[in-house]
Amino acid sequence: MTAVTLPEPRTDLAGARITAAGLLRSEWTKLRSVRSLRVTLAAAFALVLGLSGYVVLEGTALDGAPSDIPFGFTAVYPIGTLALVVLGVLAVTSEHSSGTVRVSMVAAPRRAGVLLAKAAVLTAVTTGLAVVSSVLLYLLVQATGTLPAARGVSLLDPEMLGGVLANTLLLPYGALLGVVLGALVRDAAGAITLYFGVFQLGPQIFPAFLPEPVAGVVDVLPTVAMNVVRAAGLSSEPYGVGTAVLVLVAWVGALGAAAWWRLRRRDV
């Protein structure tokens, strides 16, 4: 039998240094190469563009009533946010279910960098697509003229810009919220059930079971704060836009901190 001699590796990886740019490139590669992530991302923005385009062409809201606010074409954006929450969850949990997360953590022993890079890439991509979608829909609104409240209103007009910007930025926020939920729960079904069962349905269900003095706690759920931000000042219930933004930031911060703690302390 002839012995086979393997060539010496050309690069000594012992002294290799993991950089932020390298982690970002790695997460970008994962996003565009994993089929489920590509499909979910495409589906989210197909829903946003398709249903919002329908609203524009019909000149009415989804409930059939005429849209009397300039940024009424963003009424469908909450559906896109739901899809992007699922995308954020899958971006994390797909690695846990396949076991490939162990490779990432061996390559980046500090671990937190992997989670931050994943959140940064997903947020950047969804923000870019959200901005493009909003600009295209605004142009469609002006070309068709079917929404009287928006006819001839500049995108930079405060009445238009505030609402469009708020609804546009809530799309990547959904993806970011999904990332921290996925990192905390580490199971796709569990994280998505948690979002829908507690955050999405909680404001309707919890007041029926909670004592009246504490029922108001549902007002600080992220979905309630999202609705306040989406109104862009047209409604101040149960609090203003500034408070709603703080609530949203606090939720991501708290869930992200819990996910970071579990990532550092528990095996993957």
>> One residue is enough: does region 181-190 have a residue meeting the conditions out of contact with any strand residue (DSSP E or B) (no Cβ under 7 Å at 6 or more places or on another chain), in a helix (DSSP H, G or I) and within 30 Å of GLU159 (Cβ to Cβ)?
In response: no
>> Would you confirm, using the coordinates I've provided, whether GLU237 is among the charged types (D, E, K, R) and either crowded, with 22+ Cβ neighbours inside 10 Å or over 30 Å from GLY72 (Cβ atoms) (or both)?
In response: no
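Conditions tested, residue by residue: (1) among the acidic types (Asp, Glu); (2) in contact with a helix residue (DSSP H, G or I) (Cβ under 6 Å, 6 or more places away or on another chain); (3) exposed (fewer than 15 other Cβ atoms within 10 Å of the Cβ).
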position: PRO158; (1), (2), (3): no, no, yes
position: GLY174; (1), (2), (3): no, yes, no
position: GLN204; (1), (2), (3): no, no, yes
position: VAL218; (1), (2), (3): no, yes, no
position: VAL245; (1), (2), (3): no, no, no
position: TRP251; (1), (2), (3): no, yes, no
position: ALA257; (1), (2), (3): no, no, yes
position: ARG264; (1), (2), (3): no, no, yes
> Is it the case that some residue within region 236-248 is assigned to a helix (DSSP H, G or I), under 20 Å from VAL89 (Cβ atoms) and either at pLDDT 95 or above or small (Gly, Ala, Ser) (or both)?
Replying inline: yes
>> Of all residues being of a type in the set (Gly, Ala, Ser) and part of a helix (DSSP H, G or I) in region 137-156, which is most open to solvent (accessible area, probe 1.4 Å)? Just the residue, please.
In response: ALA143
> Which condition number in (1) open to solvent by 70 Å² or more (accessible area, probe 1.4 Å); (2) modelled with pLDDT under 85 is the one that THR19 fails?
Replying inline: (1)
>> Looking only at region 245-265, how many residues end up being of a type outside the set (A, V, I, L, M, F, W, C) and touching a Lys or Arg at 6+ places or on another chain (Cβ under 7 Å)?
In response: 1
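A quick yes/no check of all residues on (1) among the β-branched types (Val, Ile, Thr); (2) modelled with pLDDT under 85; (3) under 27 Å from GLY22 (Cβ atoms):
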position: THR100; (1), (2), (3): yes, yes, yes
position: ALA112; (1), (2), (3): no, yes, yes
position: LYS118; (1), (2), (3): no, no, yes
position: VAL153; (1), (2), (3): yes, no, no
>> Can you report the number of residues in region 206-216 which are loosely packed, with under 13 Cβ neighbours inside 10 Å and part of a helix (DSSP H, G or I)?
In response: 5
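So that you can scan it fast, the table gives a plain yes or no per residue for (1) at pLDDT 85 or above; (2) assigned to a helix (DSSP H, G or I); (3) open to solvent by 50 Å² or more (accessible area, probe 1.4 Å):
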position: ARG32; (1), (2), (3): yes, yes, yes
position: VAL39; (1), (2), (3): yes, yes, yes
position: ALA44; (1), (2), (3): yes, yes, no
position: LEU47; (1), (2), (3): yes, yes, yes
position: ASP68; (1), (2), (3): no, no, yes
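The values are calculated or read from the model by the stated rules, or taken from the named source; none is laboratory data. Treat the numbers as computed from the prediction; the structure is a model and nothing was measured. Note that each Cβ is placed from the backbone with ideal geometry, even for glycine, and that neighbours are counted across all protein chains shown. Keep in mind that these areas ignore ligands, DNA and RNA; they rest on the heavy atoms of the full protein, side chains included. Shrake-Rupley method; radii C 1.70, N 1.55, O 1.52, S 1.80 Å.
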